[in-house]
Amino acid sequence: MTAQEPSVAAQETRWAAIKPVLAALGPFEPILALSKTWHVLHYLLTGHADAGESPGDAILTGTPLGSDLGYGPPQLHDASETRAFRDFLAPLDASRLLTRMDFAQMRKLGIYPLVGEPDTEEIQSWRDEVAGIFPKLKAYVDQAWRKGDGLLVWLS
């Protein structure tokens, strides 16, 4: 497959380069995949499209590790940054985030993967997606904090 699809080969090469860096960090918990909601969640948490400085920006920030894996390098948050993100998330719930969904503004800012004018079904689909994934993100970050762990963020 890699011979037929050069981007797959490039991704595997980048992954091979980062593996030793990640191995040195120790064991990892199972991955929480945010799928295509990562940028929507970032916007709902921060109100902007790009990385900033607040704990709410943790999805797009951290200390870069290794090379670009497609959407930048993996980024690491230490235990104190994980705690700050956990503290930021603690008072929030999915219903509060859903009140921040402004599709016109999100499209204007280029929030991935939104394109065009969403219909009622697409709006409900995004609302359901956020309502389902946000509690998982919150629990995942809380669990990392309770263990004294950091977080590795990696967009692919």
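Within the chain, which DSSP H helices have Cα atoms that stretch 20 Å or more along the helix axis and a mean Kyte-Doolittle hydropathy of at least -1.0?
The answer, listed by residue number, is 6-23, 120-147.
Quick one: length gained pulling D93 to K136 fully straight, 0.36 nm per residue minus the C-alpha distance?
Extra length available between D93 and K136 comes to 14.4 nm.
Less than 15 Å Cβ to Cβ from P118, Lys/Arg counted +1 and Asp/Glu -1: what total charge do the surrounding residues give?
Details: positive: K36, R107, K108, R127; negative: D102, E117, D119, E121, E122, D128, E129.
It works out to a net charge of -3.
Once the other residues with Cβ under 12 Å from the Cβ of Y43 are scored (Lys, Arg +1; Asp, Glu -1), what is the net sum?
Counting the neighbours of Y43, the net charge comes to 0.
With the contact rule set at Cα under 8 Å and sequence spacing of 6 or more, what percent relative contact order holds for the chain? List each step's numbers first, then the result.
Working: 162 pairs, mean separation 47.0, N = 156.
The value is 30 percent.
Run the reach check for K36 against lysines, Cα to Cα strictly under 23 Å, same-chain hits fewer than 8 apart removed. What comes back?
Here the lysines satisfying the reach criterion relative to K36 are K108, K136, K138.
Using helices alone, what [θ] at 222 nm do you get for the chain, with -39,500 (n - 2.57) per DSSP H run of 4 or more residues, divided over all residues and rounded to the nearest 500?
-16000 deg cm²/dmol
Could you tell me the calculated FRET efficiency between R107 and E53, based on Cβ-Cβ distance and R0 = 35 angstrom, to the nearest 0.05?
Using R0 = 35 Å, I get an efficiency of 0.90.
Can you give me the convex hull volume of the Cα atoms of the stretch 6-153, divided per residue and expressed in Å³?
Normalising the Cα hull of the stretch 6-153 by residue number yields 121 Å³.
Rounded to the nearest 0.05, what FRET efficiency is calculated for R146 and S125 with R0 set to 41 Å and r the Cβ-Cβ distance?
On the way: r = 32 Å, r/R0 = 0.79.
The computed FRET efficiency comes out at 0.80.
Hey, quick one: spin label on A24, modelled 7 Å out along Cα-Cβ, who in the stretch 121-155 has an amide N within reach, i.e. under 14 Å?
none
Can you give me the Cα centroid spacing of the stretch 73-125 and the stretch 34-61 in angstrom?
Between the Cα centre of the stretch 73-125 and that of the stretch 34-61, the gap is 6 Å.
What FRET efficiency, computed as 1/(1 + (r/R0)^6) with R0 = 30 Å and r the Cβ-Cβ distance, is obtained for A33 and A79, rounded to the nearest 0.05?
The computed FRET efficiency comes out at 0.85.
Taking square-rooted eigenvalues a ≥ b ≥ c of the alpha carbon gyration tensor, is the stretch 56-110 rounded, prolate or oblate, where a/c under 1.5 means rounded and, failing that, a/b exceeding b/c means prolate?
oblate
Every number here is computed from the coordinates shown, using simple stated rules; none is lab data. Owing to the predicted nature of the structure, the values given are computational and were not obtained by experimental measurement. Virtual Cβ from ideal backbone geometry, glycine too; neighbours counted across all protein chains shown.
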